[in-house]
Structure formats: C-alpha cells, structure tokens
Amino acid sequence: MKITLCSSAKFFDKLPEIKKALEETGYEVLLPSMVDHHHLEETALTKKMHGLIEDHFSKIDESDAIFVANFDKNGIKNYIGGSAFMEMALAFHNKIPIFLLNEVPKDLNYREELIALQPIVIGKDWDKLDKILKNKS
C-alpha cells in the first residue's frame, strides 16, 4: 500500500523519519518534492513553474492514504497550511483516507472545513493506521 506524506515545507526535515517508520511497517511512502526552492520567492508562479502542486497531486492520486505531518508553526499549534489543506481536499474528493499526526488546529479560520474532510488523528501509531487501512480494503 502507498501513503503520501504531506506537510508544510518548513517540516520537510522531519519527513524522512516518518517515511522510514512507515516503510518499516511495510508501506511504500511518497514524499513531496524536497528540492530546495527556498532561495526563490514563494509565489504562485514559482510553485506553478516547478510543477510542485501537480507533482504532489499525482502522488496523492496513486496513494491508498495520505499522512499529514502537522507540527507547530508561526505560533499555531498543529499547523495545516494552504497546500496541505488542498492536498487533504483532493484526498477527500478521491475517497482516500486522511491521517493526521496531531489534532486539527484550533486557531485557523478554516478549522470547520478541515474537520469536514474527516481526518483521523493517529499520531505515530502505525498499528492503528494499519488496522484502519486493512479494514477499508
């Protein structure tokens, strides 16, 4: 089974540890493009030019689940930014289960929309993830 990891670019350094743990559990894990574009201004044009959105969406399309690594950022506990929100919406639309590392953030004005996507908070309980995915198939 394939799982795509999603997160804010600020957390990319934390994804290899999660990837390794999931692979040890038997999953194939797809990562976002971890190419360092931070030297470029983060604009819509930059993201489009580098195909970052399309590339990650295609990974989600071929996955059995997504795992959103939502850590604290900019004073917001369990931050989920715009890109991860879009990725969650795509997964929801495609009926792909959405797993979260931490609870849905309380301090975002789109909290209710995030909750409506029905994410499942599992932390790093890979056995729980495994049970949910095996019951789904």
Query raised in the report: Would region 106-114 turn up any residue that is at pLDDT 95 or above, of a type in the set (A, V, I, L, M, F, W, C) and either surrounded by fewer than 16 Cβ atoms within 10 Å (Cβ to Cβ) or outside any loop (DSSP other than H, G, I, E, B) (or both)?
Result: yes
Report summary line: The condition from (1) under 23 Å from ASP125 (Cβ atoms); (2) surrounded by 14 or more Cβ atoms within 10 Å (Cβ to Cβ); (3) at pLDDT 90 or above that LEU90 misses is numbered (1)
Report summary line: Restricted to region 93-105 and to residues being assigned to a loop (DSSP other than H, G, I, E, B) and not charged (D, E, K, R), the residue surrounded by the most Cβ atoms within 10 Å (Cβ to Cβ) is ILE96
Query raised in the report: What pairs can you find where one residue is in region 113-137 and under 20 Å from ALA89 (Cα atoms), the other is surrounded by 12 or more Cβ atoms within 10 Å (Cβ to Cβ) and of a type in the set (Lys, Arg), and their Cβ atoms are less than 6 Å apart, with a gap of 6+ or different chains?
Result: ILE122/LYS128
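The values are calculated or read from the model by the stated rules, or taken from the named source; none is laboratory data. Computed from a predicted structure; not experimentally measured. With ideal geometry, Cβ positions are generated from the backbone for all residues, glycine too; neighbour counts draw on all protein chains shown.
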